[in-house]
1. List pairs: first in the stretch 159-181 and more than 16 Å from ligand 2 (Cβ to nearest atom), second among the basic types (Lys, Arg), Cβ under 8 Å, 6+ apart or cross-chain?
2. Suppose the filter is within 16 Å of ligand 2 (Cβ to nearest atom) and in contact with a Phe, Trp or Tyr (Cβ under 6 Å, 6 or more places away or on another chain); does Gly196 pass it?
3. Limited to the stretch 183-207, what total is found for residues that are in contact (Cβ under 8 Å) with a residue 60 or more places away in the chain and either buried (at least 19 other Cβ atoms within 10 Å of the Cβ) or within 16 Å of Glu3 (Cα to Cα) (or both)?
4. Taking Gln147 as meeting all but one of (1) within 16 Å of ligand 1 (Cβ to nearest atom); (2) more than 14 Å from Leu173 (Cβ to Cβ); (3) part of a loop (DSSP other than H, G, I, E, B), write down the number of the exception.
5. Determine whether Thr178 is over 13 Å from the mean Cα position of the chain (by Cα), at negative phi, away from ligand 1 (no atom under 14 Å from the Cβ) and not aliphatic (A, V, I, L, M).
6. Within the bounds of the stretch 156-174, is there any residue that is near ligand 1 (Cβ under 8 Å from one of its atoms), among the aliphatic types (A, V, I, L, M), at pLDDT 95 or above and under 24 Å from Phe63 (Cβ atoms)?
7. Please identify the pairs in which a residue from the stretch 126-140 that is surrounded by fewer than 19 Cβ atoms within 10 Å (Cβ to Cβ) has its Cβ atom under 6 Å from the Cβ atom of a residue that is of a type in the set (Ser, Thr, Tyr), counting only partners at least 6 apart or on another chain.
Amino acid sequence: MAEVLIAPSILSADFAAMGEAVKNLKKWNADWVHCDVMDGEFVPNITFGMPMVEALRRNTDMFLDVHLMIVKPERYVERFVRAGADLVTFHPEASEDAFATIDKIKSSGAKAGIVLNPDIPCSVAKEFVDKVDVIMLMGVFPGFGGQKFIPEVMEKITELKEMTKGGKVLVELDGGVTLDNAPEMIRRGLDVMVAGNAVFKAPDPCMAIECLKKGRTA
Ligand code: DX5
Ligand code: ZN
C-alpha cells in the first residue's frame, strides 16, 4: 500500500506570510498544499480566490490541491486551473451540472474531484467514480479549520475504498484530522489526508507531518 499523502491546509497558516508557509511545507516534507476557497455563501466564511492560488504558484512547485466551497464552481474552475491549481475539488450540490464541471476542470488541464459533506452518503459518489481523480470526504461541516472530527465519517473511508477498489481514484479526507485519529484513517486505506491545525498549530510541524504519515501519535 502506498504511503498516505499529507496535504496541509494553509487556512491554518499565517495569511500574512503565505510565501513562507509554502516554503516551509516543502521543507517539512508535506506532499500537497491544500487551499480552502470559501465564498461566504456555500459556507459561512470567506477566505481567498484565484490571486492567492496564483501567488502560491509563484512561490512553490508543490502540488496545489484547491478545494472550492463556493456556489456554482463552474463559473471559476478554469480560472483556478489557469492560476496554477493541480487539482480542483468542488461540492456537487453547489454545481448546476457536476459532470460538466468535472469536464471543464479536466479540459483546462487539472485533475478533478468531488467532495462529500458529512451528511451526504457515499452512494452519491457512485456515478462519479469513473469520472474523477479524487473523492474527498469532509470530516467536519466545511467553513472553518480546527473543528472536531465527526466519528461517523470514519466508516465512510472503508465504504469509499471498497467502492473505488481496482481503480485509480484517490480517497481524501478533510477536516478534524489529528495525530490521534490519523492511524485509524491510514488503517482504513486513506490515500490523502488534509490537516490544518494538526500541522500549523503543532509545536513542531515537521514532526507532526512525519507522525501523521507514519500513523504515530507522538
Ligand atoms: C474546512 C476546510 C478544511 C480545514 C481543515 O472547511 O475545508 O480544509 O481547513 O482544517 P483542520 O485540519 O484544522 O480541521
Ligand atoms: Zn478543505
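1. From the stretch 159-181, the pairs are Lys161/Arg188; Met163/Lys126; Leu179/Arg216.
2. Working: within 16 Å of ligand 2 (Cβ to nearest atom): yes; in contact with a Phe, Trp or Tyr (Cβ under 6 Å, 6 or more places away or on another chain): no.
So Gly196 does not fit the description; no.
3. So in the stretch 183-207, the residues in contact (Cβ under 8 Å) with a residue 60 or more places away in the chain come out as 185-186, 189-197, 199-201, 205-206.
Narrowing further to those that are either buried (at least 19 other Cβ atoms within 10 Å of the Cβ) or within 16 Å of Glu3 (Cα to Cα) (or both): 185-186, 189-196, 199-200, 205.
Selection size over the stretch 183-207: 13.
4. All conditions pass for Gln147, except number (2).
5. On the way: over 13 Å from the mean Cα position of the chain (by Cα): yes; at negative phi: yes; away from ligand 1 (no atom under 14 Å from the Cβ): no; not aliphatic (A, V, I, L, M): yes.
No: the conditions fail for Thr178.
6. So in the stretch 156-174, the residues near ligand 1 (Cβ under 8 Å from one of its atoms) come out as 174.
Next, from what is left, pick out any that are among the aliphatic types (A, V, I, L, M): none.
So far as the stretch 156-174 goes, no, none of its residues is near ligand 1 (Cβ under 8 Å from one of its atoms), among the aliphatic types (A, V, I, L, M), at pLDDT 95 or above and under 24 Å from Phe63 (Cβ atoms).
7. Val129/Thr164
The values are calculated or read from the model by the stated rules, or taken from the named source; none is laboratory data. Only a predicted model underlies this, so the values are computations on that prediction, with no experimental measurement involved. No Cβ is skipped: glycine too gets one built from the backbone with ideal geometry, and neighbour counts run over all protein chains shown.
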